[in-house]
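Working notes, beginning with the structure itself.
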Amino acid sequence: MSPATGRLAPLPLAGPVPFDGRMLELPRGRYDWLHLEVRAAAPAEVTLWLHFAGGTDPETAAIPAGASVRLRVPVTRRDELERVRLPEREGLVLLALTTVAPAPAGLPDPHESGLVTT
């Protein structure tokens, strides 16, 4: 088991989630990244709204067309993330969302080291 394995926590979804403006509740916590798997009928640029204990930040993502596109969305605010609002965009469907907790002190971030590329 790699040191990064315990940092990843898939969010249980009841099935594919359309990008219809809905709010997704997350386990409240500090995260470095959100990994999304999306089905996109056409390329799109969207804004996800990250809702923290102390405020809300927009994060823009460019999504290429594809049946299973993997994206990394940075969580730059050092605060507890509680929810993510998906934008309203026809043709986009969320297939999976995984939170990535910060690396323990002294361990390299696998994204920065090139060990993780999605």
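Say a paramagnetic label sat at a point 7 Å from the Cα of residue 96, along Cα to Cβ; which residues of segment 46-76 have their backbone N under 12 Å from it?
Only 68-71 fall inside the zone, counting backbone N under 12 Å.
Suppose R0 equals 22 Å. What FRET efficiency, 1/(1 + (r/R0)^6) with r the Cβ-Cβ distance, do residue 70 and residue 9 give to the nearest 0.05? Mind dumping the intermediate values first?
Details: r = 16 Å, r/R0 = 0.75.
Efficiency for this residue pair is about 0.85.
Whole angstrom only: what separates the Cα centroid of segment 16-67 from the Cα centroid of segment 81-101?
So the two Cα centres are separated by 3 Å.
Quick note: the coordinates plus some simple rules give every number you see, no bench work behind them. The shown structure was predicted, so the numbers you read here are calculated from the model rather than taken from an experiment. Cβ sites come from the backbone with ideal geometry, for glycine too, and all protein chains shown count toward neighbours.
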